[in-house]
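The values are calculated or read from the model by the stated rules, or taken from the named source; none is laboratory data. Everything numeric in this text was worked out from a predicted model, so none of it was measured. Virtual Cβ from ideal backbone geometry, glycine too; neighbours counted across all protein chains shown. Just so you know, the surface numbers come from the protein's heavy atoms only, side chains and all, with ligands and any DNA or RNA stripped out. Shrake-Rupley method; radii C 1.70, N 1.55, O 1.52, S 1.80 Å.
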Amino acid sequence: HLMVISPDAGGTGRAIYLANVLGVDMGMFYKRRDYSTIIDGRNPIVAHEFLGADVSGKNMIIIDDMISSGDSMLEVAALLKQRGAAKIFMCSTFGLFTNGLERFAPHGRRSSGSPSRPSTNLVYQTDELLEKPYYVNCDMSKYIALIIDTLNHDGSISKLLNPVERINKLLKKHSESLKK
């Protein structure tokens, strides 16, 4: 029981792709704004509205390109919890965490099954971040090196840019480890 969630309309394509690769449901939030008002040069967000299947009892993967302050991601996670979601995994390519890390800590004690906060090493990671028990560092060094090497040898990177085969291999490995 897993579901992929886009925290905003801009990330919907990413969430649809991942949900299709994993063969699970997808949902998205969109920001309902008050277009009759301007505050600090922007139309204020009135609410985050959800489009998608029932989330009750399902584990959620919220996927976004970047976590800056994390306000949107944390608000979406809270809204999913209010709707009865089980575990929530917040995944991003670029984890900046500009407003600090403690707000991302899972509530309660960390157990082997509690949610993690994966992000890549494509941006600077502080020692404080790397030491957090809930943070998972997705090392992209080998992948980036492979892209650079392929380009340096005038090879095609199209196969490298399509992760479906690698995701399926990882899922198979994970399924086999659960059987042991």
(message) Run through the range 1-52 and list the trypsin sites (Lys or Arg not before Pro) located in a DSSP loop whose Cβ has at most 14 other Cβ atoms within 10 Å.
(response) none
(message) As an exercise, use a Förster radius of 30 Å and the Cβ-Cβ distance of L151 and N59 to find the FRET efficiency, rounded to the nearest 0.05.
(response) 0.20
(request) Answer with one residue from S119, H174, S92: the one whose Cα lies farthest towards the positive end of the charge dipole of the range 68-180, charges on Cβ with Lys, Arg +1 and Asp, Glu -1. (result) H174
(request) Would you mind working out the accessible area per residue for the chain, using a 1.4 Å probe, and quoting it in Å²? (result) 63 Å²
(request) Under a cut-off of 20 Å between alpha-carbon atoms, report the lysines in cross-link reach of K173, not counting same-chain residues fewer than 8 places apart. (result) K142
(message) Could you derive backbone 3J(HN,Hα) for the range 49-57 from the dihedral phi with the Karplus parameters 6.51, -1.76 and 1.60 (θ = phi - 60°), listing whole Hz in sequence and x where the residue is Gly or Pro?
(response) 9, 9, 10, x, 6, 4, 9, 3, x
(request) Kindly provide the helix-only [θ] at 222 nm of the chain, computed as the sum of -39,500 (n - 2.57) over DSSP H runs of four or more divided by all residues, to the nearest 500 deg cm²/dmol? (result) -10000 deg cm²/dmol
(request) For S116 paired with I45, estimate the spin-label separation in nm (one decimal), with each label point 7 Å from Cα along the Cα-to-Cβ line. (result) 2.7 nm
(request) Return the long-range amide H neighbours of I67 (sequence gap of 5 or more, or a different chain), with a cut-off of under 5 Å between placed amide H atoms. (result) F94, G95, L96, F97
(request) Return the carbon/sulfur percentage of the accessible area of the range 17-101, one whole number, probe 1.4 Å, all protein chains in place. (result) 51 percent
(request) Could you go through the range 34-48 in sequence order and give the Karplus-derived ³J(HN,Hα) for each residue, using 6.51 cos²θ - 1.76 cosθ + 1.60 with θ = phi - 60°, rounded to whole Hz, and x for Gly and Pro? (result) 9, 7, 8, 10, 10, 10, 6, x, 9, 7, x, 7, 8, 6, 9
(request) Would you compute the Debye intensity of the range 56-109 from its alpha-carbon atoms alone, equal scatterers and no solvent, and pass along log10 I(q)/I(0) at q = 0.22 Å⁻¹ to two decimals? (result) -0.85
(request) Quick one: which residues, 5 or more positions from R33 or on another chain, have an amide H under 5 Å from its amide H? H modelled 1.01 Å from N in the peptide plane, none for Pro or chain starts. (result) V46
(message) Could you compute Rg(Cα) / (2.2 N^0.38 Å) for the range 86-180, with N its residue count?
(response) 1.32
(request) Could you work out the longest stretch of the chain that avoids the chymotrypsin sites (Phe, Trp or Tyr not before Pro) located in DSSP loops with at most 15 other Cβ atoms within 10 Å? (result) 36-123
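Probe radius 1.4 Å, ligands and nucleic acids left out: which of L74, L80 has the largest accessible area, and how do the rest follow?
Listed by decreasing accessible area, they come as L74, L80.
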(request) State log₁₀ I(q)/I(0) for the range 1-66 at q = 0.22, 0.24 Å⁻¹ as given by the Debye formula over alpha-carbon point scatterers of equal weight, solvent excluded. (result) -0.86, -0.95
(request) Calculate one ³J(HN,Hα) per residue across the range 120-131 by plugging θ = phi - 60° into the Karplus curve 6.51 cos²θ - 1.76 cosθ + 1.60, and present them in order as whole Hz with x for glycine and proline. (result) 9, 8, 7, 10, 4, 10, 6, 4, 4, 5, 4, 8
(request) Averaged over every viewing direction, what's the projected area of the C-alpha convex hull for the chain? Give it in nm², one decimal, please. (result) 13.3 nm²
